[in-house]
Structures are given as C-alpha cells and as structure tokens.
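Trainee: One structure, pasted below without further comment.
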Amino acid sequence: MRGRRVRYHLLLGPHLPPRLTLQPWQLLYSTRRDGFSLRTLYRRGAEQGSPALLLIRDTEGQAFGAFSSSAIRCSSGFSGTGETFLFSFSPELKVFRWTGRNNFFVKGDVNLLMVGGGSGRFGLWLDGDLHHGGSHPCDTFDNEPLSAREEFCVQDLELWSLA
C-alpha cells in the first residue's frame, strides 16, 4: 500500500472534518509490520485516542475502509459521531456519509470490529484475526458493498491516527 498511500491521503483529505485536514497522519498499525491481530490493532489504536482512518486492501486488490471520529478500540457499545464515514476506491473514490437513521458508528469486541449497522448487517466488519471481513449495505451510511464481494480476505490493513 505504500506506493498508493500519498494518493489515498490526497483523495481522502477533503472529506475529513475541517479540524483534521491539516493534521499529520501517523501510522499506528500495519499488518505488514505488526502481523494480523485485532487485539494489537486495538492496543495501538487506543494509545493515541484520536480520530482514526482504517485502510484495507483485499486479495482482489480493492481498496476501501472507514474514517472514525474516535479511536478504534474494544468497546461495550457503539461509539463515534456523524463525522464517521465509509469509503471505497472502485476505482474512483466513493464516500458514504452518515444518514442520521441510527448511531451505529464503530464497535469493537475481541472477535469482531464493526462499522455501521442496521437490520442485522454491518457496513464493514473484520474478524478477530483480521484475515476475513465483509461489507453490506447498512442504514448508518446507506452504502453499497465496499469490496467487489460482500465477504473478502484481507491482504493489507493499516490504521492511521489523525491528530
């Protein structure tokens, strides 16, 4: 993902909340550097406690992810604000913003990370080993599936802090 990192930053920058557009991005977690572990992602994400960008590339080469207005961490309930959004590069950037229908922004437990929800489906989910995930239309963001397949295998994943 390194070669495309600058492109992603430039394309996503205008969609971030204005208070964050000029903030530096700091890489907190990378599957290439840190291995595949949701617990490690939570630990690294909680260290900064700041808004975060989750960038995923699946084994079919599709890039997509989520911006969270709060740190991505293990939690007992959903957290975040209406600034949270999902995005996909398919091949052009598509951003899916909060609809106002519910507040199911981000929830993490030891076996699952979920972004967006409603009607028993998640806009984006990742399993505990970060090898598998899925994306379905959800009420929170009225998104289309972010990947070419509703269930996908993760090739690379990065978590960035914006603060």
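The values are calculated or read from the model by the stated rules, or taken from the named source; none is laboratory data. Only a predicted model underlies this, so the values are computations on that prediction, with no experimental measurement involved. All Cβ positions, even for glycine, are placed from backbone atoms using ideal geometry, and neighbour counts span all protein chains on display. To get the accessible areas, we keep the full protein, side chains included, count just its heavy atoms, and leave off ligands, DNA and RNA. Shrake-Rupley method; radii C 1.70, N 1.55, O 1.52, S 1.80 Å.
Trainee: Counting pairs of alpha carbon atoms under 8 Å apart in space and at least six apart in sequence, what relative contact order in percent does segment 24-163 give?
Mentor: This gives 30 percent for segment 24-163.
Trainee: Let me see the pair-distance distribution of segment 74-121: every alpha carbon pair, 10 Å bin width, integer percents in order.
Mentor: 24, 49, 25, 2
Trainee: Give me the mean projected area, in nm² to one decimal, of the convex hull enclosing the Cα positions of segment 8-71.
Mentor: 4.7
Trainee: Next up: Using only alpha carbon positions, build the gyration tensor of the chain, then give the equivalent ellipsoid semi-axes as the square roots of 5 times its eigenvalues, largest first, whole angstrom.
Mentor: Largest first, the chain gives 19, 18, 17 Å.
Trainee: So, R0 is 35 Å and r is the distance between the beta-carbons of residue 32 and residue 103; what FRET efficiency does that work out to, to 0.05?
Mentor: The computed FRET efficiency comes out at 0.55.
Trainee: Can I ask one more? Accessible area of residue 142, 1.4 Å probe, to the nearest 10 Å²?
Mentor: Here the residue's solvent-accessible area equals roughly 100 Å².
Trainee: Test of understanding: what is the full-extension gain from residue 163 to residue 149, defined as 0.36 nm times their sequence separation minus their Cα-Cα distance?
Mentor: Full extension from residue 163 to residue 149 adds 1.8 nm.
Trainee: If one computes the Cα centroid of segment 73-99 and of segment 100-120, what distance in Å separates the two points?
Mentor: With segment 73-99 and segment 100-120 each reduced to a Cα centre, they are spaced 10 Å.
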